[in-house]
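What follows is calculated from the coordinates using simple rules that are stated; it is not laboratory data. The model shown is predicted, which means the values in this text are computed figures rather than measured ones. Using ideal geometry, Cβ is built from the backbone for each residue, glycine included, and neighbour counts are taken over all protein chains shown.
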Amino acid sequence: MTTASDSLLDSLVTASVAAGREILAVYAAPIAVEEKPDHSPVTEADRRAEQVILAALAAAAPGVPVVAEESVAAGIVPEIGETFFLVDPLDGTKEFIERNGEFTVNIALIEAGVPVMGVVYVPVTGEVFIGGPDGAFAAQIGADGRPGPYRRLWARTPPATGLTVVGSRSHGSPETEAFIAGLDVAASRVAGSSLKFCLVAAGEADVYPRFTPTMEWDTAAGDAVLRAAGGSMTEADGTPFLYGNRRPRSARRFANPSFIARGRPAVADGASP
């Protein structure tokens, strides 16, 4: 790393790369798709990757609860306190099934509702994004499974020429379009999974609005990278965005409200910066 190494963060990177290997092994063969009770898709890759991550986290941070997508779907929901992990072993399952490469492994550490550490790994490209107390960084994972030199990530100040807005490849909505219509937009991009957060964190986009359903494990790792890069994450009404079911939301546990992810400085809702 270009800064002082954090052993836990290093462990999260190692876990994400190991999970990525499991995902790519399934990706290389015909993909069997199942449907969960909420009608979302799941594959063998989701389950294999989660098993690897759960074992790695148990070794790296024994006793810290882990809220993981496939475990929760199976009814395994740990009691959580101020500190816990959020894990999406394969974020962007639809992108995985469509084989467009835009899926990630997401691991985040939450403290008092805030994502203080996060890793987003892209198995197809080998790129890893990390966020922690020392900032946000990205690196390429080498053939030996280790990250190469890290480069620092900084969310940018929106250029005077207008905003670059990034949106979901699979989950657009009229509310999203209405929000974007109120901004001074120069360009739009689409991306799958947590890559949208990483684009804002890397200064390649300025705002990512989301008004369709997401879960806490979908967003926490990318949110950690973005915040460490100087960006921000709020609910759509500007309320601070917190994790761990800290406010009434819906009958579904760990469901997120609508949100706006931004670079720096914050972009006002419905107005140009």
Q | Most positive-pole-ward Cα, 221, 96, 263, against dipole of the chain from beta carbon charges | A | 263
Q. For 161, 14, what ranking results if the residue with the fewest other Cβ atoms within 10 Å of its Cβ goes first?
A. 161, 14
(Q) Restricting to DSSP H runs of at least four residues, report the calculated mean residue ellipticity at 222 nm for the chain, -39500 (n - 2.57) per run over all residues, nearest 500 deg cm²/dmol. (A) -8500 deg cm²/dmol
Q. How large is Rg/Rh for the stretch 39-184, to two decimals, with Cα atoms and a Kirkwood Rh?
A. 0.99
Q. Between 66, 147, 80, whose Cα lies farthest towards the positive end of the dipole of the chain when Lys and Arg beta carbons carry +1 and Asp and Glu beta carbons carry -1, centred on the Cα centre?
A. 147
Q: Please get the size of the charge dipole for the chain, origin at its Cα centre, with Cβ charges of +1 on Lys and Arg and -1 on Asp and Glu, quoted in debye to the nearest 20.
A: 400
Q | Gyration tensor over alpha-carbon atoms, the stretch 94-146, equivalent ellipsoid semi-axes in Å | A | 23, 16, 7
Q: Classify the stretch 1-102 as rounded, prolate or oblate, taking a ≥ b ≥ c as the square roots of the eigenvalues of its Cα gyration tensor: rounded when a/c is under 1.5, otherwise prolate if a/b is larger than b/c and oblate if not.
A: oblate
Q.
Using only the Cα atoms of the chain, what semi-axes does the equivalent ellipsoid have when each is the square root of 5 times a gyration tensor eigenvalue? Give whole Å, largest first.
A. 26, 21, 19
**Q.** Using alpha-carbon coordinates, inclination of helix 44-60 to the longest axis of the chain, degrees
**A.** 80
(Q) For a quick check of your reading of the filter: which chymotrypsin sites (Phe, Trp or Tyr not before Pro) in the stretch 81-180 sit in a DSSP loop and have no more than 16 other Cβ atoms within 10 Å? (A) 154
